[in-house]
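Q: Below: one structure in structure tokens.
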Amino acid sequence: MNKKELSKKLKTARIEAGLKQEEIAAHMGLPISAISMIENGTRKVDVIELSKIASFYAKPVEWFFYGDSRESDRRWYDNDKKLSEALKLLKRAPLKYQKSCACAIIGFLKESGLIK
């Protein structure tokens, strides 16, 4: 993977998370111009920055190098169409809504007695 491909993935992940460059810049402690340069491929991103970005975007670091095609090879729940679809939709939702959706699912499962 080259720097341009990685920069495109970083921008895609930010947009999928429903975040603005200003928000990731504040989280990273960087100026907005640095985020713009990273997403344009004119500034390198180091391993620690990539790890922090991946965590903020709720994506595994591997996603930035392999994408969704390799995820299905290693995740058991991708074999179930409904679970896979639900997780893909949850990942596409803005980050600020992902946590509340996850909490709602957990609450439903606990209240129904399906899990403890």
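Laboratory data are not the source of any read-out in this text; all were calculated from the coordinates shown. Quick caveat, the model's predicted, so the values are computed rather than measured. Note: ideal-geometry Cβ built from the backbone for every residue, glycine included; neighbour counts use all protein chains shown.
Q: Please list, ordered by chain and number, the residues whose modelled amide H lies under 5 Å from the amide H of Arg43; skip anything fewer than 5 residues away on the same chain.
A: Ile38
Q: Using the Karplus curve 6.51 cos²θ - 1.76 cosθ + 1.60 with θ = phi - 60°, work out ³J(HN,Hα) for each residue of the stretch 23-31 in order, rounded to whole Hz, and write x for Gly and Pro.
A: Values per residue, Gly and Pro as x: 5, 5, 4, 5, 5, 7, x, 10, x Hz.
Q: Taking R0 as 35 Å, what FRET efficiency do you get between Glu85 and Ile32 from their Cβ-Cβ distance, rounded to the nearest 0.05?
A: Details: r = 35 Å, r/R0 = 0.99.
About 0.50, to the nearest 0.05.
Q: On to the next question. Convert each backbone phi in the stretch 109-116 into a coupling constant with the Karplus relation 6.51 cos²θ - 1.76 cosθ + 1.60 (shift: θ = phi - 60°), then list the ³J(HN,Hα) values in order as whole Hz, x for Gly and Pro.
A: Computed from phi, the couplings for the stretch 109-116 are 5, 6, 5, 7, x, 6, 9, 9 Hz.
Q: A further question on this structure: According to a simple spin-label model (label point 7 Å from Cα along Cα-to-Cβ), what is the distance in nm between Asn2 and Lys99?
A: With each label placed 7 Å out from Cα toward Cβ, I get 3.9 nm.
Q: How large is the charge dipole for the chain, taken about the Cα centre, if only the Cβ atoms of Lys, Arg (+1) and Asp, Glu (-1) carry charge, to the nearest 20 debye? Each step should come with its number before you reach the end.
A: Values: 23 positive and 15 negative charges, 13 e Å.
Magnitude of the dipole: close to 60 debye.
Q: On to the next question. Once you have the Cα-Cα distance between Lys52 and Glu16, take 0.36 nm times their residue separation minus that, and quote the gain in nm to one decimal.
A: 11.3 nm
Q: Another question, then. Step through the residues of the stretch 13-19 one at a time and calculate ³J(HN,Hα) from phi using the Karplus curve (6.51 cos²θ - 1.76 cosθ + 1.60, θ = phi - 60°), rounding each to whole Hz and writing x for Gly and Pro.
A: Here the 3J(HN,Hα) series is 5, 5, 5, 4, 7, x, 10 Hz.
Q: Kindly express, to the nearest 10 degrees and within the range 0 to 90, the angle between helix 47-56's C-alpha long axis and the longest C-alpha principal axis of the chain.
A: Computed tilt is about 40 degrees.
Q: Please rank Glu111, Glu23, fewest neighbouring Cβ atoms within 10 Å first, as an exposure proxy. Can you show the working numbers first?
A: Working: Glu111 9, Glu23 17.
Ascending Cβ contact count within 10 Å gives the list Glu111, Glu23.
Q: Out of these labelled values of Cα Rg over 2.2 N^0.38 Å, (1) 1.11; (2) 1.01; (3) 1.21, which was calculated from the coordinates shown here?
A: Correct label, based on the coordinates given: (3).
Q: If you line up the Cα atoms of the stretch 3-68 on their principal axes, what length do they span on each, largest first, in Å?
A: 29, 22, 20
Q: Mean-square fluctuation check for the chain, GNM, Cα pairs under 10 Å: which of Gly29, Gly41, Gly18 is largest?
A: The residue that fluctuates most here is Gly29.
Q: Putting +1 on Lys and Arg Cβ atoms and -1 on Asp and Glu Cβ atoms, find which of Ser55, Ala25, Leu6 reaches farthest to the positive end of the dipole of the stretch 3-68.
A: Leu6
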